[in-house]
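Encoded as structure tokens, the structure appears first; notes follow it.
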């Protein structure tokens with residue numbers, strides 16, 4: 001087992017290392033011998049690109065070629081934007097409920113989302129920074145339109161795309177506190 005192989009789990013908007021499936025994932029992946037890092041992202045209810053990418057830079061330090069990144073929702077965007085800034089490559093990126101198109105209810109949420117939706121990303125550079133990308137969507141996510149986001153990410157980073165049934169936005173409020181497919185996806189990294 002790789003005791004030094006690192007997995008970074010990046011929670012989503014309004015999330016924390018203590019909710020949704022993050023406690024379960026940390027425990028399960030740690031049991032498999034991974035060094036699992038789940039940072040508390042700053043201003044989680046009003047996420048800002050610069051703060052989140054800087055937090056990742058601080059937490060990761062020097063990226064390693066066998067690092068694995070797993071993001072949820074806006075955490076996916078934070079990872080992609082972080083990858084754009086590094087010169088080293090990493091092994092794998094798993095994006096759970098990633099979005100570039102988003103369905104929101106409130107004006108406040110829209111104003112927080114706008115910078116994430118409008119600030120450009122050099123996807124050619126991002127695509128070159130990981131050996132493999134996987135995007136996992138749910139067929140009933142109220143916030144992340146499957147078709148638009150699936151097509152967008154397929155064009156930009158060509159990930160393996162998986163669609164889970166009735167997982168909502170992969171949150172506790174959707175009844176999701178475990179995502180067993182994650183351990184399989186992570187362990188497929190071993191070459």
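The values are calculated or read from the model by the stated rules, or taken from the named source; none is laboratory data. Not measured: the values here are computed from a predicted model. For neighbour counting, all protein chains shown are included, and Cβ atoms are generated from backbone atoms with ideal geometry for every residue, glycine included.
Quick notes
- Selection of region 112-123 for residues being surrounded by 12 or more Cβ atoms within 10 Å (Cβ to Cβ), assigned to a loop (DSSP other than H, G, I, E, B) and touching a helix residue (DSSP H, G or I) at 6+ places or on another chain (Cβ under 7 Å) yields only 121.
- Yes/no for residue 17 being assigned to a loop (DSSP other than H, G, I, E, B), at pLDDT 95 or above and closer than 22 Å to residue 118 by Cα: no
- Residue ID - nearest to the chain's Cα centre (by Cα), chosen from residues in region 65-100 that are touching a residue at least 60 places away in the same chain (Cβ under 8 Å) and over 27 Å from residue 148 (Cα atoms): 67
- Flag for residue 140 being more than 15 Å from the chain's Cα centre (by Cα) and buried (at least 16 other Cβ atoms within 10 Å of the Cβ): no
- Residue in region 116-137 that is over 15 Å from the mean Cα position of the chain (by Cα) and touching a residue at least 60 places away in the same chain (Cβ under 8 Å) present: yes
- Candidates are the residues of region 142-164 that are outside any helix (DSSP H, G or I) and touching a residue at least 40 places away in the same chain (Cβ under 8 Å); the one that is nearest to residue 183 (Cα to Cα) is 159.
- Listed by first and then second residue, the pairs linking a residue in region 19-46 that is free of Cβ contacts under 8 Å to residues at least 60 places away in the same chain and at positive phi to a residue that is assigned to a loop (DSSP other than H, G, I, E, B) and surrounded by fewer than 18 Cβ atoms within 10 Å (Cβ to Cβ), with Cβ atoms under 9 Å apart and 6 or more places separating them unless they lie on different chains, are 33/1; 33/2; 33/3.
- Leading residue by the ranking (farthest from residue 100 (Cα to Cα)) among those in region 158-175 that are crowded, with 19+ Cβ neighbours inside 10 Å and more than 14 Å from the chain's Cα centre (by Cα): 167
Conditions tested, residue by residue: (1) within 30 Å of residue 5 (Cβ to Cβ); (2) touching a helix residue (DSSP H, G or I) at 6+ places or on another chain (Cβ under 7 Å); (3) part of a loop (DSSP other than H, G, I, E, B); (4) modelled with pLDDT of 95 or more.
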| position | (1), (2), (3), (4) |
| --- | --- |
| 102 | no, yes, yes, no |
| 105 | no, no, yes, no |
| 110 | no, no, no, no |
| 135 | yes, yes, no, yes |
| 140 | no, no, yes, yes |
| 166 | no, no, yes, yes |
| 183 | yes, yes, no, no |
| 186 | yes, yes, no, no |
| 191 | yes, no, yes, no |
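- Any hit, region 51-62, residues being in a loop (DSSP other than H, G, I, E, B) and surrounded by 17 or more Cβ atoms within 10 Å (Cβ to Cβ): no
- Test result for residue 36, more than 13 Å from the chain's Cα centre (by Cα) and either buried (at least 16 other Cβ atoms within 10 Å of the Cβ) or at pLDDT 95 or above (or both): yes
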